[in-house]
Each structure stands twice: as C-alpha cells, then as structure tokens.
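What follows is a single structure, written as structure tokens, with notes after it.
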Amino acid sequence: HATKKTMADHLRKYESLFTLTPQRMRMIVEAFKETLEIGLEKHGQIVPMIPTYVFGWPTGQETGEFLAVDLGGTNLRVCLVTLQGDGKFEVTQSKYRLTEEQKQGDGQDLFDFCASCLKTFIDSNFEEGSLQPNELLPLGFTFSYPCTQERIDQGTLIRWTKGFGAANTEGRDVAEMFRESLRKKALLMQTFQNVPVELTAIINDTTGTLIASAYVNPKTRVAVIFGTGCNAAYMERIGSIPKIKHLGLDDGAEMAINCEWGAFDSFVHEHLPRTKYDVTIDESSNKPGEQAFEKLISGRYLGEILRLVICELIDDGVLFLGQNTYKIEIPYALDTAFLSLMESDPTEELLMIIGIFTHFFALETTLAERQFFRALAKLVGRRAARLSACGIAAIVSKMGYLEDGCAVGADGSLYNKYPSFPDRVHEGLQDIFGDKGKRVLFLRTFVGSANNDEDSERQGYLHTC
Ligand code: ADP
C-alpha cells in the first residue's frame, strides 16, 4: 500500500508538469504564427520557412514510374512509385536500417551507402532491358534535414538534426554529393541493368507528404511528419514570401514551404513549457539549444523523456530498490515504441509492461509501478500531441483554412503506430479552436512507416481517419 500511495503522489507532480491547458496552447499558437511570418520575411531565421521550388498542386492525373531514396532519420528507404492517375499509385519499397557510425561518420560515406542500397534495389526489382532505350528513370531524393534551395535539384544542408552529425556535409550541396556517390556506383545517367537514373529533385519528407496527399485528396492543404523528427509543409502564395521577391516570380503563383518548425523556440526558450527532463535532453544532445520544439514532440525523444523521469525516481530511491538498474540507465535505452506498447497493454495486470521491463531492462515491477509508467507514458505522449496541434493550428489559422475546413496529410511512425496520437492531436485542435477544430481532417499517408514487415512493403495505402 505504501508503494501505491507514493506512486500516486508522484504521478500528481508529473501531471502538473506535463499538462498543457487550452489557454497556454492558444498563447503558443500566437507566438508560432508570428514566427512563421518572420521566417517568410527574412532569410536566416530560427524557423527558416524554406522555399522548396515545388510550384503548386498536382492534378492527381500524373502518371509514370519514379524512383525515390528517402533518408529519414532512423531508416533509409528506397521506393519505386508508379503513378496511375485518378489519384492512384503503387509503391514497391525496401527499408534499410542506418547505423550510428553512418550517422556520425563521413558524409560522403553516408551517400555512398544510399547509392549502394539503390543499386541493390534496382538489381532486385528491374530486369535487364525493362525500360525503353534512352529512357531515364527520374530519381527523387527525400532528404529530411533543413536545406536551402535555389532550384529543385539542389540543396545546401544548413545543419544536421535528429542526432545526425556526419562530417563534411553541413554547408554543402547534398544533391551534388549524392550524384558523386551515384557516379561511383555507375548509376548516374548510365546504363546499369539498363536502368539509367537521373537525380531530378531533392525534397523534404514534409513537402513529399504534402504533394502525395494532395495527389490523392485535393482538400490537402498542410502536411506534417511525426517520425524521428517533427516538421510541417504547406503551400504559400509567392506574393506572401517577401524574402524571395527579388526573384521576380509570379506573385499569384504558389510554392510549397518547408517550415522546419522543429526549430521553433530554439535558443530563446520563451514559449514552450520545458521540464527539467527536456532541458537535460537538450543539454546532452549533440546540438544543444537547437530543435527546441522537435525535442518535446518527436519519436527520437519521447522515450528518453520517460526514461529520465524513471531514472530520477531510481536516484530518489522510489523505484527498483535493491535491483540492478544499469540497463535502464543507458541514455536512449527506452524507445518511443515502448510508450505505445505500454499505453495499449490490454491486460488488467499490465503483462505487456511486465514483459518490457523484465525482457529489456531485467527489472521487476509492481502493479502500482506499472500503472504509474502507463500514466506517465500517457502524459508525455499527450503533451507531444497537443504541442503538435499548436503548430498545425498556427498554419491553419494563418492561412484562413478554418472556415472551409481542410485536410492535413500526416506520416511518420509516431503518427501511424502510436495508437492514441492522432486522436490527441485532434482533441488539441478542438481545445484551441473549439468545435471548428473538427473541420481539420487528417489523412494518413502511410507509404513507408505503417508496415512492420521489413521486406514486404509493396503497397501504398491511404485512408482517411
Ligand atoms: P523516419 O522519421 O526516420 O523517417 P519513422 O517515421 O519510422 O522514420 O520514425 C521513427 C521513429 O518512430 C523512431 O524515433 C521510433 O522511436 C518511433 N517509433 C517507431 N515505432 C513506434 C511506435 N510503435 N510507437 C511510437 N513511436 C514509434
């Protein structure tokens, strides 16, 4: 009984630390809107609002075969996308896990690895002579780190995010680096299995999700990614992007903007409710001060937030007395996927949580502790979803999309696999906008992250929730 009471007491403290009131959320939305505007006005802002040189919406009638390499954060994906028109498409995909060495080593080696995976993919998916002579297969490179672009087929890496730190890459044109790797593998503009590849576009995953969602559902106005990182894109009127006025583009035309909103509140830390666990994550990260918004929301960090709370209670002698806790004391030992598992444990005894702690951390738990962990996971996951709602609300409100309603394309494992995440984002939007929040619909664009089976991801699904 003593334990139970203690755990319940502790929970109250964390509830007040991690709970966001609607009023606080609305304040964040206002600050967010201002930040988005400033990013459109001037170059080099914290939230860089990057012009993507993707002009306007697809019609849904586009057809053809396209290759895509997606360097996400946790996985590398290679896809062959067949657009069939009428908003229909098919995807054949392979997934390769990135190692820590690849993330932290030399940048050129990382792109060499991407090229190798592409070569393997082509080898196993194309037969000699399957394309027409002189037919070039266009390759899009989804590179989901902030890049400044002057054209669609070029991109200079501003800075690595999501724990990446590969050397000799920041400040360089990553499209050119990737072309160099493709050349080495004899893939670029050359016949390999009679499949000549041409790198035609470098694109952020958010922009990709925006266009892919719009291809299927023309009500799409915004796209968000909840994966290793967190980011959004939307379509802006060129006349409303003062910082590119000098290019003399048609003011009335539209261009997709990659917000890179994960950087919101970086360095200044004025608007977001950070706990001491968030501060610890930030300070011990490879990029202190940066990606302040992302560090409260994305898959890379949520498990770590929970782990830090647990470690604090171990240090205070509240949890696991007399047990060896070294396994759970390893930084990033608790993956965000565990939060999903803990929350969705259907058993009264919380057997799944018993399994997680015994199997992965060699720790025995009491029922009261397991209930506490589950409640804590809920708090951390709910805060992340509600903060995300603030970002979405800022774009929706700035663009005036609330009156007619709109669809938001969403992708990433956190969104697709964390069962309560989508509902909580939606609930957050209603806390901000009232009933009108219901007019914002989400489209799950799960091309890549929905399927656990590493090798059989051979379909593109899309459905409205
Ligand atoms: P990327 O962002 O690298 O393209 P994903 O969209 O698959 O890749 O996101 C990977 C992130 O999602 C990881 O940080 C991982 O912890 C998290 N994740 C994976 N599975 C789950 C899950 N079931 N529930 C919550 N988060 C998950």
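Here are the numbers:
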| item | result |
| --- | --- |
| Residue check, Gly252 surrounded by fewer than 15 Cβ atoms within 10 Å (Cβ to Cβ), free of Cβ contacts under 8 Å to residues at least 24 places away in the same chain, more than 14 Å from the ligand (Cβ to nearest atom) and assigned to a loop (DSSP other than H, G, I, E, B) | yes |
| When residues of the stretch 398-417 are limited to those that are among the small types (Gly, Ala, Ser) and surrounded by fewer than 19 Cβ atoms within 10 Å (Cβ to Cβ), the one farthest from the ligand (Cβ to nearest atom) | Gly400 |
| Residue, nearest to the ligand (Cβ to nearest atom), within the stretch 277-295, restricted to residues that are part of a helix (DSSP H, G or I) and hydrophobic (A, V, I, L, M, F, W, C) | Ile281 |
| Test: Ser298 is within 18 Å of Thr74 (Cβ to Cβ) and either within 16 Å of the ligand (Cβ to nearest atom) or surrounded by fewer than 16 Cβ atoms within 10 Å (Cβ to Cβ) (or both) | yes |
| Selection from the stretch 199-236 of residues that are out of contact with any strand residue (DSSP E or B) (no Cβ under 6 Å at 6 or more places or on another chain) and not in a helix (DSSP H, G or I) | Pro218, Phe226, Gly227, Thr228, Gly229, Cys230 |
| Sole residue being in a helix (DSSP H, G or I), within 26 Å of His10 (Cβ to Cβ), more than 22 Å from the chain's Cα centre (by Cα) and within 16 Å of the ligand (Cβ to nearest atom), chosen from Arg370, Arg424, Arg374 | Arg374 |
| Checking Thr206 against (1) within 16 Å of the ligand (Cβ to nearest atom); (2) hydroxyl-bearing (Ser, Thr, Tyr); (3) more than 24 Å from Gly405 (Cβ to Cβ), the condition it does not meet | (3) |
| In the stretch 209-249, the residues that are more than 16 Å from the ligand (Cβ to nearest atom) and of a type in the set (Val, Ile, Thr) | Ile211, Val216, Thr220, Val222, Ile238, Ile241, Ile244 |
| Number of the exception - Ile244 against (1) touching a strand residue (DSSP E or B) at 6+ places or on another chain (Cβ under 6 Å); (2) part of a helix (DSSP H, G or I); (3) surrounded by 22 or more Cβ atoms within 10 Å (Cβ to Cβ) | (3) |
| Complete set of residues in the stretch 166-188 that are farther than 20 Å from Ser144 by Cβ and free of Cβ contacts under 8 Å to residues at least 24 places away in the same chain | Arg183, Ala186, Leu188 |
| Residues of the stretch 319-343 classified as at pLDDT below 95 and either surrounded by 15 or more Cβ atoms within 10 Å (Cβ to Cβ) or touching a helix residue (DSSP H, G or I) at 6+ places or on another chain (Cβ under 8 Å) (or both), total | 0 |
| Selected residue (criterion: farthest from Glu294 (Cα to Cα)) from residues of the stretch 26-59 that are β-branched (Val, Ile, Thr) and in contact with a helix residue (DSSP H, G or I) (Cβ under 7 Å, 6 or more places away or on another chain) | Val54 |
| Test result for Glu294, in contact (Cβ under 8 Å) with a residue 12 or more places away in the chain, touching a Lys or Arg at 6+ places or on another chain (Cβ under 9 Å) and in the same structural domain as Phe372 (by TED's automatic domain parsing) | yes |
| So Ile356, is it of a type in the set (A, V, I, L, M) and either over 26 Å from Pro419 (Cβ atoms) or within 15 Å of the ligand (Cβ to nearest atom) (or both) | yes |
| Within the stretch 300-344, tally of residues that are assigned to a loop (DSSP other than H, G, I, E, B), under 19 Å from the mean Cα position of the chain (by Cα) and touching a residue at least 40 places away in the same chain (Cβ under 8 Å) | 0 |
| Any hit, the stretch 349-366, residues being under 20 Å from Glu15 (Cα atoms) and outside any loop (DSSP other than H, G, I, E, B) | no |
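The values are calculated or read from the model by the stated rules, or taken from the named source; none is laboratory data. These figures come from a predicted structure and were not determined experimentally. Here the Cβ is made from the backbone with ideal geometry for all residues, glycine too, and neighbour counts use every protein chain on show.
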